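Structure first, commentary second.
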Amino acid sequence: MMSLESRPKPALNGARVAFAVLLCTGLAAGCTSSGSIGGMSDFTRLFGSGSSSNAQADATSSTPASSDVDCPTVEVRVGAGALSVMAGKGESAEDMRHQLSFGQMARECRVQGGVLTMRVGVQGRVVLGPKGTAGTVEAPLRFAVVREGPEPKTVLSKFYRVPVAVEPGQNNVAFTYVAEDIEFPMPSGDELDAYVVYVGFDAKGEPPAARKTPARRRS
């Protein structure tokens, strides 16, 4: 499940107004409510000049060519389009270390051996807050494939920790990440039309691995 660290936003004044202006201008989409981002970026920016939205499948494959398959749409999960990281237990704007948000997105698909493989690219931005410092900022990203309908079903969920370097003197840094391993069985008929790929920031990340109880030795 997507998660978003939500903090109350007190009224800003004085020097904090300058930070608020920087935050809105630097994030592009970060000062609007999260949801789907309209439009997909061109693939030369995220995937390189040789890609297209529907890459051709291997000629030896017996499955339909990718050009005959429409990629599922990519949307930002509601409530997970931005992530604010605070210093300690602070809750005011003055306590913010940094905020992350999404910008453009792109995707491409191919089908081979009955499996649909997607590459999903996202562009985002890190804006340092008053308590932010240079160093490495971690962007916790969640990609989930969901079959929408009366009873939505999660087909696949992937979590990635993406390091973003913030150099001294920078307070507004863009980052790009492409998930290469979004794979699931190709749905039959028109069922693919109900599939949606949701992306979002997931502050909780992966649950801790369960500890295995050592096997008892037989006497």
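The values are calculated or read from the model by the stated rules, or taken from the named source; none is laboratory data. Treat the numbers as computed from the prediction; the structure is a model and nothing was measured. A quick note on method: Cβ atoms are made from the backbone with ideal geometry, for glycine too, and the neighbour counts reach across all protein chains shown.
You will find that of G88, G79, the residue that is among the small types (G, A, S), surrounded by fewer than 21 Cβ atoms within 10 Å (Cβ to Cβ) and free of Cβ contacts under 8 Å to residues at least 40 places away in the same chain is G88 and no other.
When restricted to residues that are under 25 Å from T136 (Cβ atoms) and not in a strand (DSSP E or B), segment 149-188 contains 5.
Which count do you get for residues in segment 53-109 that are modelled with pLDDT of 85 or more, touching a strand residue (DSSP E or B) at 6+ places or on another chain (Cβ under 9 Å) and assigned to a loop (DSSP other than H, G, I, E, B)? Residues flagged as modelled with pLDDT of 85 or more, touching a strand residue (DSSP E or B) at 6+ places or on another chain (Cβ under 9 Å) and assigned to a loop (DSSP other than H, G, I, E, B) within segment 53-109 amount to 9.
Checking each residue in segment 157-173 for being modelled with pLDDT of 95 or more and either under 18 Å from the mean Cα position of the chain (by Cα) or at positive phi (or both) picks out S157, K158, F159, Y160, R161, V162, P163, V164, A165, V173. For segment 149-172, a residue qualifies if it is under 30 Å from E191 (Cα atoms), exposed (fewer than 13 other Cβ atoms within 10 Å of the Cβ) and not polar (S, T, N, Q), and the qualifying residues are G149, P150, E151, P152, K153.
Residue pairs whose Cβ atoms lie under 9 Å apart, separated by 6 or more positions or on different chains, with the first residue in segment 127-145 and without any contact (Cβ under 8 Å) to a residue 24 or more places away in the chain and the second aromatic (F, W, Y), do not occur. Here the condition is being in a strand (DSSP E or B), modelled with pLDDT under 95 and either among the basic types (K, R) or touching a Cys at 6+ places or on another chain (Cβ under 7 Å) (or both); of R125, R216, R119, R211, it holds for R119 alone.
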